[in-house]
1. Pull up the stretch 30-61, narrow it to residues that are in contact (Cβ under 8 Å) with a residue 60 or more places away in the chain and of a type in the set (A, V, I, L, M, F, W, C), then point me to the one that is nearest to LEU79 (Cα to Cα).
2. Out of everything in the stretch 1-45 that is at pLDDT 95 or above, of a type in the set (A, V, I, L, M, F, W, C) and not in a helix (DSSP H, G or I), what residue ends up being surrounded by the most Cβ atoms within 10 Å (Cβ to Cβ)?
3. Looking at ILE54, ILE46 in this structure, which one is β-branched (Val, Ile, Thr) and farther than 30 Å from PRO266 by Cα?
4. Would you say SER211 is buried (at least 16 other Cβ atoms within 10 Å of the Cβ), out of contact with any Phe, Trp or Tyr (no Cβ under 9 Å at 6 or more places or on another chain) and within 24 Å of THR170 (Cβ to Cβ)?
5. Consider only pairs whose beta carbons are under 7 Å apart and that are at least six residues apart or on different chains; among these, list those whose first residue lies in the stretch 212-239 and is closer than 15 Å to SER279 by Cα and whose second residue is of a type in the set (D, E, K, R) and buried (at least 23 other Cβ atoms within 10 Å of the Cβ).
6. Checking THR237 against (1) under 20 Å from HIS31 (Cβ atoms); (2) within 13 Å of the chain's Cα centre (by Cα), which test does it fail?
7. Given (1) part of a strand (DSSP E or B); (2) free of Cβ contacts under 8 Å to residues at least 24 places away in the same chain, identify the lone condition not met by THR195.
8. When residues of the stretch 86-104 are filtered for being outside any loop (DSSP other than H, G, I, E, B), within 20 Å of the chain's Cα centre (by Cα) and under 18 Å from GLY45 (Cβ atoms), how many remain?
Amino acid sequence: MVANALTRLRTMRDEDVEACHALSTAVGWPHRADDWRFAMNVGEGIVAMLNGDIVGTGMVWKFGENHATIGMIIVSPALQGLGVGWQIVDWLVQQAGPRVVMLNATAAGEPLYAKFGFEKSGEVEQFHRIAVAHACSKWIAQTQVELAEGNEADAIQSLDRNATGMDRKTLLTSIVSLGEAAVARRHGRITGYSTCRMFGRGRAVGPVIASGSADARDLIAYWISRYPSEFIRIDITSASGLGEWLRSQGFKPASRAASMIRGDRPEEHPDLRIFALASQAFN
């Protein structure tokens, strides 16, 4: 526990971006420096310092007074298992306060989070697609999907709030400001939405919120058709049932993570479902 005794925690700062990016690259994460900047702009973070160097990171995103997610939890490979991760998670949980807290964990991280009262609530599957221009050629949309208009932001945020039980207005506004949003319509009414933005090795699709799997598939297919020659990542819930369809569209499974929660799960909407996450960090 020498590292634990000598490690100092301090608030994450804007000027930490490059050091945080270097740390995430060292552990094999695809995040760009811009992805770190985005995460910092919509959340709060902590860094673990040892001999003047950043050796650990963690972030928390608060969605209203009742919910939060934590993520971007990294410890330098040389210091893993020495208590640095425990220090970071302890700070994040305290920062979240009485809120219900959610996260997505690797198998290695699950035991640590369980010590803080987190329980497994599901799984997330990450899929990648590498430039297959013909992948969606046989897909015939069943729903009208088109780019969202600027005056539809409130409708999208209302849909998201109903589906997730959380107030993610700031996060969604920031995602759309850097990327694009598409909406599904039935009989002139918005029944679902998805977003697409630059991330990691290419683009990330998500969140995807819809009333059913047909709309969800159409909302994803829209981005595949729009960016046929680009790398696309999507993180789906295991309950979404989209895995086989994604494979048929040129995607390959990349990894799995355990969804964990500390507190009561947000109430689910009877007519809306979360098919894909904004990211494994944001949920």
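The values are calculated or read from the model by the stated rules, or taken from the named source; none is laboratory data. Nothing here was measured: the structure is a model prediction, and the numbers come from that model. Cβ sites come from the backbone with ideal geometry, for glycine too, and all protein chains shown count toward neighbours.
1. By that ranking, first place goes to MET59.
2. Applying the filter and picking the extreme gives MET12.
3. So the residue among ILE54, ILE46 that is β-branched (Val, Ile, Thr) and farther than 30 Å from PRO266 by Cα is ILE54.
4. When the stated conditions are applied, SER211 does not pass them.
5. ILE232/ARG129
6. For THR237, the failing item is (1).
7. With (1) part of a strand (DSSP E or B); (2) free of Cβ contacts under 8 Å to residues at least 24 places away in the same chain applied to THR195, the lone miss is (2).
8. So the count comes out to 10.
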